[in-house]
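Q: Before I ask anything, let me first share the structure, which is written out below as structure tokens.
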């Protein structure tokens with residue numbers, strides 16, 4: 001039997017990776033009363049990734065943790081316009097349909113979200129003990145039985161559990177699931193760039209695109225597409241240009257590989273004059289391309305005192321804008337499963353419960369994303385209900401779901417205990 005001090009001490013949590021999933025987990029676990037240390041391989045000198053969707057499902061989590069996207073320039077989605085070739089397919093005002101959700105679908109600059117999460121996780125202000133962030137600290141090994149991480153310089157750190165939030169090129173995944181399953185190219189790559197609103201507004205060919213704030217516009221070709229949406233309080237347009245990888249000779253996994261404007265223009269040479277006018281505005285120093293990676297389902301998400309979250313567990317393609325959101329949900333689930341009174345002895349059981357809660361949903365959203373990303377000319381594409389996808393994605397509240405699942409688990413184990421789960425300290 002554990003002594004009283006063991007039962008009530010804070011957990012020591014080690015997180016490998018300080019991206020959006022890792023920082024969200026750090027913030028939630030800090031608020032639950034635990035001590036958190038993050039190990040990030042980069043210097044975090046320049047977090048990249050352009051913009052990110054904050055759909056209602058992950059927006060719920062962020063607000064519960066006291067992260068308010070409107071304070072760092074996120075703007076709501078008001079509508080979607082889609083073209084197939086040069087023909088208008090639909091133009092939808094979504095303000096009323098989206099109002100049914102507890103929180104709005106918002107579009108944020110990725111760097112702004114990352115900075116706010118980092119600030120709140122590590123600041124001396126706020127509930128709990130500030131998380132410790134160690135940059136330039138690549139992890140090379142993890143012992144899942146002792147919750148010990150070893151860094152490239154040979155130093156090691158031990159805790160009560162380790163979370164592998166180290167992205168698509170995860171080191172921790174190999175320890176949990178073995179080296180056999182690795183990410184592979186999906187056959188598509190994506191251009192990323194941004195254009196300031198004034199440039200779009202001042203060009204007579206593109207001016208109409210700046211007339212409605214909060215609108216996402218998609219131009220769909222047979223095997224390529226261009227998506228445009230605003231962020232930074234509608235002052236900048238973010239662009240994602242998805243295309244066959246061989247057209248841009250994109251190789252590797254990074255976000256920061258440059259490409260010439262000539263390649264970009266050639267990929268979309270058959271699109272209409274509005275698209276061509278937009279692409280002529282691109283600042284070549286900001287134009288990046290990266291390979292879109294997919295991965296087969298791994299057999300497990302955890303082993304011993306080590307669990308995976310985000311892209312380490314399930315890399316996402318970008319076709320629904322849910323990759324970051326599902327990582328945020330994973331983080332919320334872990335934090336909600338580890339309230340202040342959790343003991344070290346309970347961790348393996350809680351991590352098994354985490355996988356059982358998150359696995360089905362994460363992989364279903366992954367599957368829906370692959371379906372949404374099929375080429376327009378793919379004979380296997382078929383038809384699907386966009387609103388049905390949206391309902392499944394948006395209606396979920398992971399903190400509430402996990403709270404209910406944990407309470408049921410505790411009551412089934414100790415039916416007369418009346419155990420309840422304390423909620424994280426959060427702003428209303």
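The values are calculated or read from the model by the stated rules, or taken from the named source; none is laboratory data. Small disclaimer: the values here were computed from a predicted structure and weren't measured. Cβ atoms come from the backbone with ideal geometry, glycine included; neighbour counts cover every protein chain shown.
Q: Go through region 189-208 and give me each residue that's in contact (Cβ under 8 Å) with a residue 60 or more places away in the chain and in a loop (DSSP other than H, G, I, E, B).
A: Passing the criteria: 203, 205, 206.
Q: Further question: What is the one condition in (1) modelled with pLDDT under 95; (2) part of a loop (DSSP other than H, G, I, E, B) that residue 342 does not satisfy?
A: With respect to (1) modelled with pLDDT under 95; (2) part of a loop (DSSP other than H, G, I, E, B), residue 342 is out only on (1).
Q: Yes or no: region 355-378 includes at least one residue that is in a helix (DSSP H, G or I), touching a strand residue (DSSP E or B) at 6+ places or on another chain (Cβ under 8 Å), at pLDDT 90 or above and more than 28 Å from residue 222 (Cβ to Cβ).
A: Scanning region 355-378, I find at least one residue that is in a helix (DSSP H, G or I), touching a strand residue (DSSP E or B) at 6+ places or on another chain (Cβ under 8 Å), at pLDDT 90 or above and more than 28 Å from residue 222 (Cβ to Cβ), so the answer is yes.
Q: Here's something else I'd like to know. Under 9 Å by Cβ, and 6 or more places apart or on different chains, what pairs join a residue from region 164-188 that is touching a residue at least 12 places away in the same chain (Cβ under 8 Å) and on the phi > 0 side of the Ramachandran plot with one that is surrounded by fewer than 23 Cβ atoms within 10 Å (Cβ to Cβ) and part of a helix (DSSP H, G or I)?
A: Going by the 9 Å Cβ cut-off, the qualifying pairs are 187/245; 187/246.
Residue-wise test of (1) assigned to a strand (DSSP E or B); (2) surrounded by 19 or more Cβ atoms within 10 Å (Cβ to Cβ).
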{"position": "289", "(1), (2)": "yes, yes"}
{"position": "300", "(1), (2)": "no, no"}
{"position": "320", "(1), (2)": "no, yes"}
{"position": "334", "(1), (2)": "no, yes"}
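Q: If residue 276 passes every condition in (1) surrounded by fewer than 19 Cβ atoms within 10 Å (Cβ to Cβ); (2) assigned to a strand (DSSP E or B) but one, which one does it miss?
A: That leaves (2) as the condition not met.
Q: Quick check on my filter: what residues within region 87-107 are part of a strand (DSSP E or B) and surrounded by 17 or more Cβ atoms within 10 Å (Cβ to Cβ)?
A: Across region 87-107, the qualifying residues are 106, 107.
Q: OK, next. Looking at region 149-160, I want the residues that are under 21 Å from residue 11 (Cα atoms) and have a partner that is assigned to a strand (DSSP E or B) and modelled with pLDDT under 95 with Cβ atoms under 9 Å, at least 6 apart or on another chain. Which pairs are those?
A: That search, which allows pairs on different chains as well, returns nothing.
Q: For region 126-133, check the following and say yes or no: at least one residue is in a strand (DSSP E or B) and at pLDDT 95 or above.
A: Within region 126-133, one or more residues are in a strand (DSSP E or B) and at pLDDT 95 or above.
Q: Please state which of the following conditions residue 44 fails to meet, knowing it meets all the rest: (1) surrounded by 23 or more Cβ atoms within 10 Å (Cβ to Cβ); (2) closer than 27 Å to residue 289 by Cα.
A: Looking at each condition in turn, residue 44 falls short on (1).
Q: Name the pairs: first residue in region 248-264 and at pLDDT below 80, second residue surrounded by fewer than 13 Cβ atoms within 10 Å (Cβ to Cβ) and in a strand (DSSP E or B), Cβ to Cβ under 8 Å, at least 6 apart or on different chains?
A: Cβ pairs passing all conditions: none.
Q: Would you mind stating whether residue 241 is touching a strand residue (DSSP E or B) at 6+ places or on another chain (Cβ under 9 Å), surrounded by fewer than 18 Cβ atoms within 10 Å (Cβ to Cβ), touching a residue at least 24 places away in the same chain (Cβ under 8 Å) and closer than 26 Å to residue 310 by Cβ?
A: No, not satisfied.
Q: Return yes or no: is residue 226 within 23 Å of residue 381 (Cβ to Cβ), at pLDDT 95 or above and in a strand (DSSP E or B)?
A: Here the answer is yes, as residue 226 does meet what is asked.
Residues are listed down the side, and each one gets a yes or a no for (1) surrounded by fewer than 21 Cβ atoms within 10 Å (Cβ to Cβ); (2) touching a strand residue (DSSP E or B) at 6+ places or on another chain (Cβ under 6 Å):
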| residue | (1), (2) |
| --- | --- |
| 64 | no, no |
| 85 | yes, no |
| 109 | no, yes |
| 117 | no, no |
| 124 | yes, no |
| 131 | no, yes |
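Q: I'm trying to understand the selection: among the residues of region 138-153, which are part of a loop (DSSP other than H, G, I, E, B) and within 18 Å of residue 304 (Cβ to Cβ)?
A: Hits for region 138-153 are 144, 145, 146, 147.
Q: May I ask you to verify whether residue 64 is more than 19 Å from residue 238 (Cβ to Cβ) and touching a helix residue (DSSP H, G or I) at 6+ places or on another chain (Cβ under 8 Å)?
A: For residue 64, the condition - more than 19 Å from residue 238 (Cβ to Cβ) and touching a helix residue (DSSP H, G or I) at 6+ places or on another chain (Cβ under 8 Å) - is met.
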